[in-house]
């Protein structure tokens, strides 16, 4: 293999040298480390040794000639390596540079270790502007609110621009409470805007009530999280009607209204016992299902403010009549705005009854984070087929919405079918 | 005006003071005949005489100790230690005596001397030639510690250091000794010690640095500008006493601070500046103060040095993180 | 020159009077009149009195610590009497006698050991540095001053001392080396009192003596009987003339014995014997000089009365120190810098706020 050895930068900061004496000649065989040539540089006279063993093929430069660093000195035929015709050019010792700056070592001082960077010939900074009068006044710190990093973090989490808040803390500092108080409803800015935009009486403005706000929040939350899927069924409940009629009279004096709802609640509870998927909750964060062991049936009830959903706790332990009593009680409380937090908590399944008002079918919105909601529609007199004959039937519409993440179509159907069985034949409720 | 490198600027400062004040003497290893291994004192012995500019044996403790003796008996010595890592043998004289003489004698004796040495890495050097010991010296009560970043500042600060009646540790960033040229007045001028300089005004983040890192920060600022980040760059110039006023005003304006320095991160100038940020601008902070500094390791030799030395992109990376906090 | 005749490489020691005060080297006896000799003894007597009282004050709890100089009196008297007002003294820390002769007051010395730096702010003494706690570093400072006075062409010499222990410090060698190269007018004294706290000099170095170390640096060196007032005086005279003539530095090893403890916190019984102490007691500088004077019949004073007078003087100085105005908060800060940095001002102001708060709670 042919090998060219270039005049190396021997670290004294040179760019050239003068050949004083050749120690080798063409054809001579040398070992690695043998002195090749005596070079005179700015600082020292030095012998340049060969980095490889081989036979000298050519020398470059005569005695007295000036050679630049990086230019060839000798060409070697390296022993023991055959078949390669390409000339390998010896690499000059790499001086590592950590950025792309040009490295020229013209003036490195004696005794210095390391590589010094030199400024380019015609590049220099302008004179310092120290002590020169500045054209603009010294920049004053921009007006900002004072706030601790903690308060700033809080504002950030709540997506509030802290600079908009007036601080009431020491030195006018924005405190935690300032931020907390900034959250609630008062939005004078918004009001201003609307009034500005619409000066006609095309619209009327009313502030949102607490309940309306809560409903709005819950509805959107439910829709955004649960994968709503609804199925619709009709069930003929003439048998149920007869039962109800009979017992309604019996319990009339017991101060509880016996509607169809208690029967439906009971049917739902029995069905849930056999289809626990619908009495559950999905916990995506921890990647698990939470199966409820209690049967707390929430009933959607009308109240002056709007819909509220009080809960019948442990409906599986109550008789149909007790359920009726409970419903009466909760409805009364709702009307009188006396529902407590306890009344509203821990529901596991919801029934919404809009039948009395109208509507046969609907697509009820799940009471999140429950798994499903059953909507009860109107009972309608309709022609039905009985024993292959047309008869007048009393048909109830059932609308079941499920969270499709939890409940598959088959499971939903089976659940509804179960309920329908119970409602069609109320005695079966006693059997389970 | 002349175009000077930092080496030439310091040489010029020494020349001016040697000329003007006959009590000034300059000495150190190879500082006389050869003019110093970096040529900072070149030509001075020839011009001012061997009694005023001279070589010493290799004895750093003696260089500083005898310098102290001279300082307290009427002279103003400017002593040279050849490299940052070789200031360590003289450390005892600095911490035990130079820094304390004024206090010890209740003002009867003062120590108006300058101890100068080249500092800092990034030049592929051997061990002990890449140190950044400004925190060690700044932590000693009784000293002042100065680090220029440009030729103009080097000249002005050196003259101020020589004229100071307190002892000054003058650290010269060797990596940029000859890498920066600047137009500098040939006249005598001085820059007050203890004053930082705002090199560029900005609104999004304050970057504080000194010495060779200033140039790296300026390169990072170009990257920041492209990313739409407005950087305010402060050159400390004096480490002790530090210019709290300038730093305070800047952080209060931007709400963010990034400190860039070569030295070991733990227990450093970076830590001090973060303390200052908290003390002076706590309520204005929008992001935690950050320091971009060397690892808690010895500066690696050439092959490993690229990991250690702080580069413009690393500075930009930290600036961006701070702004996006 | 004397040092030529007493080559430390042959472990020779320069002595003029023996333990009985008899002159054994008449030729080299310095030319001193009787009055001066008597004065020298009185100085030494005062030094010893003050020294013993200082130890006593410390034991009374009125001073924090004190390094007794007992035994060094001849060295101190001789160098102190030779030094001129304009000459410099860079002391170690066992130097009370020299400092007193240089104009430092006992009050100032006591003030320092009571824990007040004000004691180092000498009101009268000229060109005396504070004592050096950092062992050996004063040798470098002296060397620097030597360069300085030579450079400024001032008629000033520099005197500095170090202990036998201090000669092991790097600064000792560096200073002497520079002194040789720079040819500075500095007289370096090694007060070899045989002990560096508990370490005897034979374990401090295996060199045959300490004066010989001068040869490593191209300086004249001589071993002298440090308890011989006349020998000390003679050698200092030669050294000062040598320096004044521009010949440079001189190293003197003065052999003596630390009769007291290292400091008042030290108990010598732990590391040396009574026998050794008694052996060295025979060389006591005061006894020898007294015997010389008695031999010549020049001592006419009543020693007891003198000591009583000296005690009163020492008490007076001590009381003045004790009644010194109290240490102020300013004293902590104001001397750190000629130009006080803002941080110090702020720290002081912060502390003052704390003091105000403290006051308000009383």
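The values are calculated or read from the model by the stated rules, or taken from the named source; none is laboratory data. Keep in mind it's a predicted model, so treat the numbers as computed, not measured. Positions of Cβ are generated from backbone atoms using ideal geometry, with glycine treated the same way; all protein chains shown enter the neighbour counts.
Remarks
- Residue in region B:32-39 that is farther than 20 Å from residue C:177 by Cβ, within 8 Å of another protein chain (Cβ to nearest Cβ) and buried (at least 23 other Cβ atoms within 10 Å of the Cβ) present: yes
- Identity of the residue in region B:115-145, part of a strand (DSSP E or B) and closer than 23 Å to residue C:334 by Cβ, that ends up farthest from the other protein chains (Cβ to nearest Cβ): B:145
- Pair list, Cβ < 9 Å and 6+ apart or interchain, from region B:181-192 residues that are more than 10 Å from chain A (Cβ to nearest Cβ) to residues that are surrounded by 15 or more Cβ atoms within 10 Å (Cβ to Cβ) and in a loop (DSSP other than H, G, I, E, B): none
- Residue in region B:264-285 that is touching a residue at least 24 places away in the same chain (Cβ under 8 Å), farther than 27 Å from residue C:344 by Cα and surrounded by 17 or more Cβ atoms within 10 Å (Cβ to Cβ) present: no
- Taking region B:69-88 as the range and being farther than 18 Å from residue C:181 by Cβ, within 12 Å of chain C (Cβ to nearest Cβ) and in contact (Cβ under 8 Å) with a residue 24 or more places away in the chain as the test, the residues that pass are B:71, B:72, B:74, B:76.
Conditions tested, residue by residue: (1) touching a helix residue (DSSP H, G or I) at 6+ places or on another chain (Cβ under 6 Å); (2) modelled with pLDDT of 95 or more; (3) surrounded by fewer than 18 Cβ atoms within 10 Å (Cβ to Cβ).
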| position | (1), (2), (3) |
| --- | --- |
| C:51 | no, yes, no |
| C:61 | no, no, yes |
| C:66 | yes, no, no |
| C:80 | yes, yes, no |
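- Summed over region C:331-359, the residues that are farther than 18 Å from residue B:192 by Cβ, within 14 Å of another protein chain (Cβ to nearest Cβ), in a helix (DSSP H, G or I) and without any contact (Cβ under 8 Å) to a residue 60 or more places away in the chain give a count of 7.
- Breaking point among (1) in contact with a helix residue (DSSP H, G or I) (Cβ under 6 Å, 6 or more places away or on another chain); (2) within 11 Å of chain A (Cβ to nearest Cβ); (3) crowded, with 19+ Cβ neighbours inside 10 Å; (4) in a helix (DSSP H, G or I), for residue B:159: (2)
- Number of residues in region B:200-230 that are surrounded by 20 or more Cβ atoms within 10 Å (Cβ to Cβ), within 14 Å of another protein chain (Cβ to nearest Cβ) and assigned to a strand (DSSP E or B) equals 2.
- Qualifying residue in region C:135-143 (condition: assigned to a loop (DSSP other than H, G, I, E, B), under 30 Å from residue B:112 (Cα atoms) and modelled with pLDDT under 95): yes
- Verdict on residue B:97 being within 13 Å of chain C (Cβ to nearest Cβ) and in contact with a helix residue (DSSP H, G or I) (Cβ under 9 Å, 6 or more places away or on another chain): yes
- Any hit, region B:54-68, residues being more than 8 Å from every other protein chain (Cβ to nearest Cβ) and within 26 Å of residue B:243 (Cβ to Cβ): no
- Residue count for region C:314-330, restricted to those that are under 19 Å from residue C:105 (Cβ atoms) and without any contact (Cβ under 8 Å) to a residue 40 or more places away in the chain: 4
- Some residue of region A:352-362 being in contact with a strand residue (DSSP E or B) (Cβ under 8 Å, 6 or more places away or on another chain) and assigned to a strand (DSSP E or B): yes
- Taken across region B:264-279, residues that are in a strand (DSSP E or B), modelled with pLDDT under 95 and either within 16 Å of the chain's Cα centre (by Cα) or not assigned by TED's automatic domain parsing to the domain that holds residue B:150 (or both) do occur, with at least one present.
- Any hit, region C:19-37, residues being touching a helix residue (DSSP H, G or I) at 6+ places or on another chain (Cβ under 7 Å), outside any loop (DSSP other than H, G, I, E, B), in the same structural domain as residue C:277 (by TED's automatic domain parsing) and modelled with pLDDT of 95 or more: yes
- One residue stands out in region A:317-328 among those that are exposed (fewer than 15 other Cβ atoms within 10 Å of the Cβ) and in a helix (DSSP H, G or I): the one that is modelled with the highest pLDDT, namely A:317.
- If you go through region A:253-293 and keep only what is over 24 Å from residue A:332 (Cβ atoms) and assigned to a loop (DSSP other than H, G, I, E, B), you end up with A:275, A:284, A:285, A:286, A:287, A:292, A:293.
- Residue match in region C:306-319 (condition: surrounded by 14 or more Cβ atoms within 10 Å (Cβ to Cβ) and either touching a strand residue (DSSP E or B) at 6+ places or on another chain (Cβ under 7 Å) or within 20 Å of residue C:117 (Cβ to Cβ) (or both)): yes
- Members of region C:59-87 that are within 20 Å of residue C:138 (Cα to Cα) and under 13 Å from the mean Cα position of the chain (by Cα): C:67, C:68, C:69, C:72, C:75, C:76, C:79, C:80, C:83
- Flag if residue B:239 is more than 14 Å from chain C (Cβ to nearest Cβ), modelled with pLDDT of 95 or more and either buried (at least 24 other Cβ atoms within 10 Å of the Cβ) or in contact with a helix residue (DSSP H, G or I) (Cβ under 6 Å, 6 or more places away or on another chain) (or both): no
- Which numbered condition residue C:132 fails, given (1) at pLDDT 95 or above; (2) under 30 Å from residue B:22 (Cβ atoms): (1)
- Yes/no for residue C:142 being facing chain B (nearest Cβ under 8 Å) and in contact with a strand residue (DSSP E or B) (Cβ under 7 Å, 6 or more places away or on another chain): yes
- Flag if residue A:376 is outside any helix (DSSP H, G or I) and in contact with a helix residue (DSSP H, G or I) (Cβ under 7 Å, 6 or more places away or on another chain): yes
- Search result, residues across region B:300-309 that are modelled with pLDDT of 90 or more and in contact with a helix residue (DSSP H, G or I) (Cβ under 6 Å, 6 or more places away or on another chain): none
- Here the condition is being surrounded by fewer than 19 Cβ atoms within 10 Å (Cβ to Cβ), within 26 Å of residue C:67 (Cβ to Cβ) and under 17 Å from the mean Cα position of the chain (by Cα); of C:162, C:197, it holds for C:197 alone.
- Entirely in region C:164-270, the helices (runs of 4 or more DSSP H) that have 1 or more residues that are at pLDDT below 95 and in the same structural domain as residue C:8 (by TED's automatic domain parsing): C:170-182, C:201-204
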